[in-house]
Each structure stands twice: as C-alpha cells, then as structure tokens.
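Trainee: Please find one structure pasted underneath; my questions will follow.
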Amino acid sequence: MLVNFLQSCPSPKGDDLPQPLTDAEAAKYKEECRALDLSTSGEDPYALNGHRVWVEGTVYKKGESYGIRPQETFIALKINTTPEYILLSYAGTTPIKIGDRIRVYGEYFYPAEDTTTPELKNKELPMIKVVYIERIRVKSP
C-alpha cells in the first residue's frame, strides 16, 4: 500500500499513528531503536517495515493537517550524510521548524510519497511514524 504523505496515513488495518511519548516514556523506547541504515533499506526497502529506528537530519519541509483526524505533522527530512530524504509523520504538533537539525524515533514504513514537493514528487520514499523528536543543538564555532 502506497501512503500519500500529505493525506491521512492509515495502516492496512486502519490503525492511527502511534501517540507521541513523554520524555520519561521515551527512554525505554529509544533503547529499542537502531540507527536507520539507508544502504540496507536501499537494497530491500520493505525489509525494515515495522522496525523501531532512529535517524538524524535537517527539516527540509514541514506541514500540518487539520480536520477529521487529530492534528498530524508531516516533515520531509534531509539526511545530512546522503542525498536522501525520509518522510516523517507525527501525531500532534511540534515547534520544530524548517532548517532545524533533529533526531527522530519511531516505526519504519515503506512506501510513502510526498505529492507536493517538486523534487520529491512521484518518488517512493521511506517514512517513519514518529513517536519522539529531539532537536539537535548545533554548536557555534
């Protein structure tokens, strides 16, 4: 099932996105996550479906949806070490903004598509159903 990034993101069973975790709840969840290896997902992008992962990058685009479902935040994340992008879907709002460096934790899902960003349009991309977001403070020289 291909998930359209800027539409609601139901799973095949119609489940909603996982709820965001508090700082206290996140500690255990973070221990269960492994760094997302884009070379592995490139060989077989479906192999990691359902796995708990984390990834770092820079917020390239951010959007929010309102309506029938609870508010959802959508982010296109530019992976700093590669020319790749990953889509993020978060159940709620976040003060994160374009240009912020972040680390996210959540469940890997493939395929997803962003139909509004010209350079990402018509590309199947991995998505993370995010439960926890950390802003990475960039140290000034």
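The values are calculated or read from the model by the stated rules, or taken from the named source; none is laboratory data. What you see is a predicted model; the values in this text were computed from it and never measured. Don't worry about glycine lacking a Cβ; one is built from the backbone with ideal geometry, like all the others, and counts go over all protein chains shown. These accessible areas exclude ligands, DNA and RNA; they are computed on the full protein's heavy atoms, side chains included. Shrake-Rupley method; radii C 1.70, N 1.55, O 1.52, S 1.80 Å.
Trainee: Restricting region 108-122 to residues that are touching a residue at least 24 places away in the same chain (Cβ under 8 Å) and not in a strand (DSSP E or B), which is surrounded by the fewest Cβ atoms within 10 Å (Cβ to Cβ)? Break it down into steps so the answer makes sense when it comes.
Mentor: Step one: list which residues in region 108-122 are touching a residue at least 24 places away in the same chain (Cβ under 8 Å), which gives 108-117, 120.
From what's left, not in a strand (DSSP E or B): 114-117, 120.
Numbers: D114: 24, T115: 11, T116: 14, T117: 17, L120: 17.
Among residues in region 108-122 that are touching a residue at least 24 places away in the same chain (Cβ under 8 Å) and not in a strand (DSSP E or B), the one surrounded by the fewest Cβ atoms within 10 Å (Cβ to Cβ) is T115.
Trainee: Can you name every residue in region 76-108 that is touching a strand residue (DSSP E or B) at 6+ places or on another chain (Cβ under 6 Å), within 19 Å of G42 (Cα to Cα) and not hydrophobic (A, V, I, L, M, F, W, C)?
Mentor: Within region 76-108, K78, N80, Y85, G106, E107, Y108 meet the criteria.
Trainee: Contact list please: Cβ distance under 7 Å, first residue in region 33-52 and more than 13 Å from L125 (Cα to Cα) and in contact (Cβ under 8 Å) with a residue 12 or more places away in the chain, second residue open to solvent by less than 50 Å² (accessible area, probe 1.4 Å) and in a loop (DSSP other than H, G, I, E, B), pairs at least six apart or on different chains.
Mentor: R52/C33
Trainee: Looking only at residues in region 38-55 that are under 23 Å from D100 (Cβ atoms) and either open to solvent by 70 Å² or more (accessible area, probe 1.4 Å) or modelled with pLDDT of 95 or more (or both), which one is farthest from the chain's Cα centre (by Cα)?
Mentor: Only one residue tops the list, namely R52.
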